[in-house]
Amino acid sequence: MKNPVRTVLLAAICLGLLSAPAAAAYKNEYKLSVVPSATSGWGLTGTYFADQVRERTQGRVNIKVYFGAQLMAGKQTSELLLVRRGAIDFALASTINWSPQIEELNLPALPFFIANNPDRYKAMDAIEAGKSGKMLEAAIEKTGVKFLGWSENGFRELTTSKGPINKPEDMKGMKLRVCGTPIFADIFTALGSNPQAINWSEAVTGFQQGIVDGQENPTNGINIPLQIWTWHKYHTDWHYMIDPLFLTVNDKVWKSFSAEDQKIILDCAKDAEKYGKALSRLGFDDGSALRYLESIGMVPAVTDPYKVMEEKGMTVTRFTPEQIAEFYKATQGVRDTWTTKIGVELVKAAEEDMKAAQ
Ligand code: X2X
């Protein structure tokens, strides 16, 4: 042993005893879960977030996106459980898929609630920015995961192979695919249809085989990328509810990041919110979505969804205020029952947030 000091130092380095104090152990790859495909608005937003994080952390945080609910073997309502356990690191999750475990997240699924405001996008933003949004974030974080920021799948519209739908009676007996979240069964039963709970991973096969007569999903985010007109020729533009998306990460994983990387990740989540919302709102808002997408050089191929649906042979029924009023009335019982489950205080806070913003 020629140089004992050097030997001790080398041994200490090998044991990791002298490693830099700020350098937490990072994984080579972090898994981010997305329920639909890579080409959905949701999938594009997940990729955008992962790319931004990788670039801005200079590769320190390397996120890989897993599409098609593959990390949950297709069972979309298991996502929260797997993020909590650490089998999934990050998720760009929908309130719909986490609401079976977190009752508060049913708020945006209250039928004809958010879109019942003059500007439905302002109403959504006001909830997220307001007191009710803070209550939703707290409900998410109470389960032991870190909330990073909002994004959007979009207002959900009905597409059917039979139609058109002008009044609740037109839906009578129709077999409609819904996800397995309980409030959906209640809404579609109240409207006289026959809801079928099918995971998204199996829903497209259901459309191909004609097992169901229709489904509901956002236009830009899901229906157009999926070319839903292949199976459904009728589009009912009723905006009956919305699924906001949110970025979230396992708490332990979050705590393993340096303060610098945490800040970068939160900044990237803010940008993912702007991008995801612009994709969802393109062609439906006052033109801000298009201007934003132009400013970041990310305009998608379809910028006029109504025109595309009509060109593809879809009959688009845009609801009048009188029609909305009829559907509103038919779903009053669902709003009453679910307001109690969600929490009267939260629903009231959301009403106040939305009203203040109009
Ligand atoms: O299952 C659906 O309809 C989807 C893809 O929109 C959700 O995950 C909520």
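For region 73-92, enumerate the residues that are of a type in the set (A, V, I, L, M) and surrounded by fewer than 23 Cβ atoms within 10 Å (Cβ to Cβ). Once the filter is applied, which keeps residues that are of a type in the set (A, V, I, L, M) and surrounded by fewer than 23 Cβ atoms within 10 Å (Cβ to Cβ), region 73-92 yields Ala73, Leu81, Leu82, Ala87. Residues that are over 17 Å from the mean Cα position of the chain (by Cα) and either among the basic types (Lys, Arg) or crowded, with 20+ Cβ neighbours inside 10 Å (or both) within region 199-214 comprise Ala203, Phe207, Val212, Asp213, Gly214, listed in sequence order. Every test in (1) without any contact (Cβ under 8 Å) to a residue 40 or more places away in the chain; (2) crowded, with 17+ Cβ neighbours inside 10 Å is passed by Gly173 save one, and that test is (2). Taken as a whole, the structure leaves Leu282 outside the set of residues that are open to solvent by less than 10 Å² (accessible area, probe 1.4 Å), within 16 Å of the ligand (Cβ to nearest atom) and either touching a Phe, Trp or Tyr at 6+ places or on another chain (Cβ under 7 Å) or over 30 Å from Gly333 (Cα atoms) (or both).
Filtering region 150-174 to residues that are within 16 Å of the ligand (Cβ to nearest atom) and more than 28 Å from Gly46 (Cα to Cα) leaves only Thr160. Restricted to region 25-37, and to residues there that are more than 13 Å from the ligand (Cβ to nearest atom) and either assigned to a loop (DSSP other than H, G, I, E, B) or in contact with a Gly (Cβ under 7 Å, 6 or more places away or on another chain) (or both), the residue that is nearest to Asn250 (Cα to Cα) is Leu32.
Results for (1) more than 18 Å from Thr143 (Cα to Cα); (2) more than 11 Å from the ligand (Cβ to nearest atom); (3) of a type outside the set (A, V, I, L, M); (4) assigned to a strand (DSSP E or B), shown as yes or no for each residue.
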residue	(1), (2), (3), (4)
Val53	yes, yes, no, no
Arg60	yes, yes, yes, no
Gly68	yes, no, yes, no
Gly74	yes, no, yes, no
Thr77	no, no, yes, no
Arg84	no, yes, yes, no
Ala87	no, yes, no, no
Ile96	no, no, no, no
Gln101	no, yes, yes, no
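Within the set Phe147, Phe188, Phe112, the sole residue that is hydrophobic (A, V, I, L, M, F, W, C), within 16 Å of the ligand (Cβ to nearest atom) and modelled with pLDDT of 95 or more turns out to be Phe188. Ile342 meets the conditions (1) crowded, with 16+ Cβ neighbours inside 10 Å; (2) at pLDDT below 95 in every case but one. The failed one is (2). Among the residues of region 103-136, just one is open to solvent by less than 40 Å² (accessible area, probe 1.4 Å) and without any contact (Cβ under 8 Å) to a residue 40 or more places away in the chain, namely Leu105.
Considering only residues in region 216-263 that are of a type in the set (D, E, K, R), touching a residue at least 60 places away in the same chain (Cβ under 8 Å) and within 25 Å of Ala129 (Cβ to Cβ), the one that is surrounded by the most Cβ atoms within 10 Å (Cβ to Cβ) turns out to be Asp243. Once region 43-71 is narrowed to residues that are open to solvent by 10 Å² or more (accessible area, probe 1.4 Å) and of a type in the set (A, V, I, L, M, F, W, C), the residue that is farthest from Tyr275 (Cα to Cα) is Leu71.
The values are calculated or read from the model by the stated rules, or taken from the named source; none is laboratory data. Everything numeric in this text was worked out from a predicted model, so none of it was measured. For neighbour counting, all protein chains shown are included, and Cβ atoms are generated from backbone atoms with ideal geometry for every residue, glycine included. Calculation scope for accessible area: heavy atoms of the full protein, side chains included, ligands and nucleic acids excluded. Shrake-Rupley method; radii C 1.70, N 1.55, O 1.52, S 1.80 Å.
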